[in-house]
Each structure stands twice: as structure tokens, then as C-alpha cells.
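The values are calculated or read from the model by the stated rules, or taken from the named source; none is laboratory data. As the structure is a prediction and not an experimental result, all values here were calculated from the model. Glycine gets a Cβ as well: all are built from the backbone with ideal geometry, and neighbour counts include every protein chain shown.
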Amino acid sequence: MSMRTMMRRVLATVVAVTCLATGARADNAAWSEPAKPFHVVGNIYYVGTKGLSAYLIASGRQAILLDGTLKSTASQVEDNIVALGFKLSDVKIIVTSHAHYDHVAGVAQIKRDSGARLYALSADRWALENGLHDGETTYRRGTFPPVKVDHVLADGDVVRLGDVSMKATLTPGHTPGCTTWSTSVTEAGRALDVVFPCSVTVAGNRLFGNKRYPGIVADFDKSFDRLSAMKADVVLPAHPEFADVLGRARRRDAGETDAFVDPDLLGKIVVQSRAAFKKELARQKARQ
Ligand SMILES: [Zn+2]
């Protein structure tokens, strides 16, 4: 890897880890870069960009879409769905990881173009319907096209479409309604648990004196516990580089059949994220 490529990768990771909920300033070039859609495992397909995930979970001809990326890349997600052989109208349900513009700004367009219904946990409803991060941040909050939630879910609810079941587990902190989705698939005759973890970075959230979100620190702690208790053979995050989703696809295509299977990965992500959270908590406390 050249020095330039390496620096670009490091920078991309730093920006993605920061995942500023807050304004377009943090946009990373990879977020807008087109990616070819590809099969992941079982009935799951990647339809996002190089730097922002969107996953299609298919049941026959119908599908659930998880996340819509940026407003400017919604058409890329739509084109990717069509390139896989689906019609946009095959997308019946849209769900989201969390109400931040880099994951949901494209949802309004995709919902309109597909006619799908948007399902979301009640704690992210306000943000989705107002097009604004819910809670106080250390940065100026950016806006995104508001989108109506058609069906409000509670923690633990299961969204069903044909033979697909997607369970919604509330893992709040990054946003009040941050949702970890999970499902199981069969790949080459083997059952695999798939987890789509919500982001657990602090991302500019005020951890002290957050009037709109006073329970944020306790929520982060609870979410780390909940995530570490989940079993995941395959981890598919909202920012693909957290699990090297695109690299795994390349390795799988090169013959490594189990490239997506990594049962230790979720635990590793939780340990690293909890440590980063504690560091940021101490930093913000010292500045109070
Ligand atoms: Zn975010």
C-alpha cells in the first residue's frame, strides 16, 4: 500500500469514527463514491456507497432496505438495487440504523421512489420527522430531509417480510433511538447470525449537561452491555470500514469463502468503542 493510500485510509477511518452527526463538514470522499452492489451472505446484499452502508435484505422478490446514505447518494442506492435485478417497488419496508444525515438523508427520496413504508423505533422518530439530530452536540447540527415514520416500533420488536425477520434492539447513546438490527441467514447450508450494530461512537454528543438527552451516559453503558451479549457470526455496520465489509467481499471473491464470518468481531468492536467512550467521557468531564 502506498503512503498516500495509507494516509487516505487512516483519514477516512478517523472521519468515520468521528461520524459527526452534525454538519456536512465531516463528509468523507468515500461516502459519495459509488460502489458496485454485491451479495454478502444468505439473502443480504450491499447496496451502499464505498463509505456508507445500505443493506438490502430480500425475501424472494420483496425486500427490506436498511439505511439510505446521503441525500446526494440516494440515487446510487436506488441504482444498486436495480442493478441487482430488483425493481425499486420491490422495496416494501425501509428501516434505519440511526437518525444521522449520513445514514438517513437519502431515505426521503428512496421512500418516495419505491413506495416503501418507513419503520423506526419511537426514540428516533422525532429526529427522522424533523430532519435534525436529537440532543445537544459540540458541533452545529446539520439537517436532512425529514421523513414520515409510518410504523413505530418498540425495543425488541421484529419486522417481518415474507420469510425475513429483522429484530430491532435499542442500543441508544449515539442517538436516542440507535437501533441494532439482527437476523439469521443460511449460507451454504449453514445458519449464521447476522448483526447490524448501530454506531457507538460519541460523535460530538455532549455527555454532560445534555438537556434534551440527560440519560446519554447511562444509555451508552447499557448499549455496550447489550451489544457484547449479542452473538454475531457476521457483523455489518453502518460504516463499512468498521468491519472491512468491502475488503471481505474482495477476499470472498478471491476464494476465501468464509471471509464474512468473524464471530469475534462484534466483541472486539465493543471493547474498542467502550475504551474510546471512557476516554471521551473523561475528556468532557475535565472540560466542565
Ligand atoms: Zn451517526
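Would you say Asp155 is part of a loop (DSSP other than H, G, I, E, B) and surrounded by fewer than 19 Cβ atoms within 10 Å (Cβ to Cβ)? So Asp155 passes the test. Looking across the range 111-151 at every residue that is modelled with pLDDT of 95 or more and of a type in the set (Asp, Glu), the one that is nearest to Leu281 (Cα to Cα) is identified as Asp124. So for the range 181-204 (the condition being of a type in the set (Phe, Trp, Tyr) and part of a helix (DSSP H, G or I)), does at least one residue qualify? No, there is no match, as no residue in the range 181-204 is of a type in the set (Phe, Trp, Tyr) and part of a helix (DSSP H, G or I). Looking at the range 242-287, which of its residues are assigned to a loop (DSSP other than H, G, I, E, B) and either in contact with a Gly (Cβ under 9 Å, 6 or more places away or on another chain) or of a type in the set (Ser, Thr, Tyr) (or both)? Correct list: Thr257, Ala259.
Remark: Gly267 falls outside the filter, which requires a residue to be more than 16 Å from the ligand (Cβ to nearest atom) and either without any contact (Cβ under 8 Å) to a residue 12 or more places away in the chain or more than 24 Å from Pro172 (Cβ to Cβ) (or both).
From Ala30, Ala16, Ala12, Ala26, grab the single residue that is within 16 Å of the ligand (Cβ to nearest atom) and modelled with pLDDT of 95 or more. Explain how you work it out, then say what you get.
Numbers: Ala16 fails: modelled with pLDDT of 95 or more; Ala12 fails: modelled with pLDDT of 95 or more; Ala26 fails: modelled with pLDDT of 95 or more.
None of the other options fit; the residue is Ala30.
Output yes when any residue across the range 52-59 is assigned to a helix (DSSP H, G or I), under 16 Å from the mean Cα position of the chain (by Cα) and either within 16 Å of the ligand (Cβ to nearest atom) or in contact (Cβ under 8 Å) with a residue 40 or more places away in the chain (or both), and no when none is. Walk me through it before giving the result.
Narrowing the range 52-59 to residues assigned to a helix (DSSP H, G or I): none.
No.
Here the helices (runs of 4 or more DSSP H) wholly within the range 60-139 that include at least 1 residues being within 16 Å of the ligand (Cβ to nearest atom) are 101-104, 107-114, 122-130.
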